[in-house]
Amino acid sequence: MAEFSYTAQGHDGHQASGVLSAPTRAAAIASLRSQGVKPLQVKEAKAKRGGLGFGKKVKIKDLVIFTRELSTMIGAGVPLPRGLDTLAQQTENKYFKEVITAINHDVEAGAPLADGLAKHPRIFNDVYVNMVRAGEAGGILDDIMNRLALQVEKDSAIRHKIKSAMAYPMVILSITVIAFFGIMLFVLPKIGKILQDLGGPDAKFPIYTQILLDTSSFMTSHSVMGALPIINKIPVIGRLPNVLLIIALMVMGLIYLRRYIRTPGGQYKFHLFLLKIPVLKNVILKVAVARFARTFSSLMSSGVTVLEALEVTGKAIGNRVIAKQLELVAENVKNGQSLGKQLLSAPYFPPIVGQMIIVGEETGKIDEILLKVAEFYEEEVDTVIDSLASIIEPVMIVLLGGLVGLIAAAVMGPIAGLSQNIGG
């Protein structure tokens, strides 16, 4: 399915623009005509690749407002097409406006709301679409939309908490890297020359001083770049220092790593690696359990079957290793095993989750019990992230101070020693 941007004219002469999903341009035109509008311009909307995607994102805040307002309109008896049209006119995000308009056209053409939402996975994930689908089937769409708004808010709060906790350490790390390169490129070469002048060509320095001087010399020299025949034939590049080669290799390595992580196999190995890091593992597991409990509870209360809820929840957890474990649990449940007992023995899931689900299976209130589990682990996530942030910040400061102290010792030690020799 491709996306086509269009401009169409209604019977009242009013023009409307939007985005429509269709297999071909002819199919898009036919779809517009079937809706009783006259297509004026229809062209394929080419997705921007490789850019930063400005203007093609929808903020969590906008999604929450859309969900809550649509719930209110449906509960008040406003027809779905009219509600979607109103929301499309009110939103300030142009991209989101086009998406809502396209969804509205699908609904007006007789498609379920969930099918229209499913065409835009960048905004509406599997959990969102499946809950809407369950709400439409059960006739409780307004209640489901309220639950979805709460779900999106809670998920956003956890992500925001994690990003806030990592912001300061990332700043300190960036400063450390910049300071390291700055000292190696601009400070140590001059200091190294002074030390050589004071000590002479046969001067011996401490091992850590010599390592820093050799590293600085390598980064500022052209030994690698100039030694390559092909590179050396290019005047400008042939005179570039090795540090640019190092930076280029680092950037290329990060790009390759990022692309590899985006593949299913690479993502699985990366998530497995994260689960082996002692402190980080605790945070990831608590976030995953909180997300699992709230998502599974919402789906079960919406009338989604256990197997469907497990499938959708696995995709929403955000960790392929835990999602794989849920697939195995789903297979056993499909064969008649108890969900609670399976989770009780499943890796990465705390025993309390399995025990609570067993109680929920006996009482028929899995959704209510899991909601309490979600609230408990969301509080745990807040506590762990706060404590983690309080630990990381001083550690990063110590690392930065240690780098500066090492360089200072590497420089001042030899100078002090040479001064004593000269004085003696």
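The values are calculated or read from the model by the stated rules, or taken from the named source; none is laboratory data. Since the model is a prediction, treat every value here as computed from it, not as a measurement. Every residue, glycine among them, receives a Cβ derived from its backbone with ideal geometry; neighbour counts consider all protein chains shown.
So that you can scan it fast, the table gives a plain yes or no per residue for (1) closer than 20 Å to Asp155 by Cβ; (2) among the charged types (D, E, K, R); (3) buried (at least 18 other Cβ atoms within 10 Å of the Cβ); (4) modelled with pLDDT of 90 or more:
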residue: Lys43; (1), (2), (3), (4): no, yes, no, no
residue: Arg49; (1), (2), (3), (4): no, yes, no, no
residue: Lys56; (1), (2), (3), (4): no, yes, no, no
residue: Lys59; (1), (2), (3), (4): yes, yes, no, no
residue: Gln89; (1), (2), (3), (4): no, no, no, yes
residue: Asn104; (1), (2), (3), (4): no, no, yes, yes
Check your understanding: What is the one condition in (1) in a helix (DSSP H, G or I); (2) surrounded by 15 or more Cβ atoms within 10 Å (Cβ to Cβ); (3) of a type in the set (Gly, Ala, Ser) that Ala346 does not satisfy?
Key -> (1)
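Rundown of residues vs (1) buried (at least 18 other Cβ atoms within 10 Å of the Cβ); (2) touching a residue at least 12 places away in the same chain (Cβ under 8 Å); (3) in the same structural domain as Ile317 (by TED's automatic domain parsing), yes/no style:
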position	(1), (2), (3)
Glu368	no, yes, yes
Ala374	yes, yes, yes
Glu379	no, no, yes
Asp386	no, yes, yes
Ser390	no, no, yes
Pro394	no, no, yes
Ile397	no, yes, yes
Gly413	no, yes, yes
Ala416	no, no, yes
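Could you say which residue among Lys341, Lys334 is among the basic types (Lys, Arg), modelled with pLDDT of 90 or more, surrounded by 14 or more Cβ atoms within 10 Å (Cβ to Cβ) and out of contact with any strand residue (DSSP E or B) (no Cβ under 8 Å at 6 or more places or on another chain)?
Working: Lys334 fails: surrounded by 14 or more Cβ atoms within 10 Å (Cβ to Cβ).
Among Lys341, Lys334, only Lys341 is among the basic types (Lys, Arg), modelled with pLDDT of 90 or more, surrounded by 14 or more Cβ atoms within 10 Å (Cβ to Cβ) and out of contact with any strand residue (DSSP E or B) (no Cβ under 8 Å at 6 or more places or on another chain).
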Revision key, fill the gap. Counted residues in the range 317-331 being buried (at least 21 other Cβ atoms within 10 Å of the Cβ) and either outside any helix (DSSP H, G or I) or of a type in the set (Lys, Arg) (or both) come to 1
Point to revise | Number of the condition not met by Gly135 [criteria: (1) under 19 Å from Val19 (Cα atoms); (2) buried (at least 21 other Cβ atoms within 10 Å of the Cβ)] | key: (1)
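Okay, residues lined up against (1) within 23 Å of the chain's Cα centre (by Cα); (2) modelled with pLDDT under 85; (3) among the charged types (D, E, K, R); (4) under 30 Å from Glu393 (Cα atoms):
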{"residue": "Arg82", "(1), (2), (3), (4)": "no, no, yes, no"}
{"residue": "Lys119", "(1), (2), (3), (4)": "yes, no, yes, no"}
{"residue": "Gly139", "(1), (2), (3), (4)": "no, yes, no, no"}
{"residue": "Lys154", "(1), (2), (3), (4)": "yes, yes, yes, yes"}
Practice item. Identify, by number, the condition in (1) in contact with an Asp or Glu (Cβ under 7 Å, 6 or more places away or on another chain); (2) farther than 30 Å from Ser390 by Cβ; (3) surrounded by fewer than 21 Cβ atoms within 10 Å (Cβ to Cβ) that Gly116 doesn't meet. Key: (3)
Check your understanding: Restricting the search to the range 30-39, which residues are modelled with pLDDT of 80 or more and outside any helix (DSSP H, G or I)?
Key -> Lys38, Pro39
Practice item. Return yes when Val287 is within 27 Å of Ala149 (Cα to Cα), outside any helix (DSSP H, G or I) and either touching a residue at least 60 places away in the same chain (Cβ under 8 Å) or in contact with an Asp or Glu (Cβ under 6 Å, 6 or more places away or on another chain) (or both) and no when it is not. Key: no
Check your understanding: Between residues in the range 97-108 that are under 16 Å from Val58 (Cβ atoms) and residues that are at pLDDT below 90 and of a type in the set (Asp, Glu), which pairs lie under 6 Å by C-beta distance while being six or more apart or on different chains?
Key -> none
Exercise for review: Those residues that are among the aliphatic types (A, V, I, L, M), more than 19 Å from Phe181 (Cα to Cα) and at pLDDT below 80, I need them from the range 222-279; list them, please.
Suggested key: Ala227, Leu228, Ile230, Ile231, Ile234, Val236, Ile237, Val279
Check your understanding: Considering only residues of the range 298-316 that are assigned to a helix (DSSP H, G or I) and among the hydroxyl-bearing types (Ser, Thr, Tyr), which is surrounded by the fewest Cβ atoms within 10 Å (Cβ to Cβ)?
Key -> Ser301
Exercise for review: Quickly run through the range 253-281 and pick out the residues that are assigned to a loop (DSSP other than H, G, I, E, B) and over 21 Å from Val381 (Cα atoms).
Suggested key: Thr263
Review point. Given the structure, is Leu195 in contact with a Pro (Cβ under 7 Å, 6 or more places away or on another chain) and either part of a helix (DSSP H, G or I) or at pLDDT 80 or above (or both)?
Key: yes
Check your understanding: Are there any pairs, at least 6 apart or on different chains, whose C-beta atoms fall under 8 Å, with the first in the range 306-321 and on the phi > 0 side of the Ramachandran plot and the second of a type in the set (Lys, Arg) and in a helix (DSSP H, G or I), and if so, which?
Key -> Gly318/Arg291
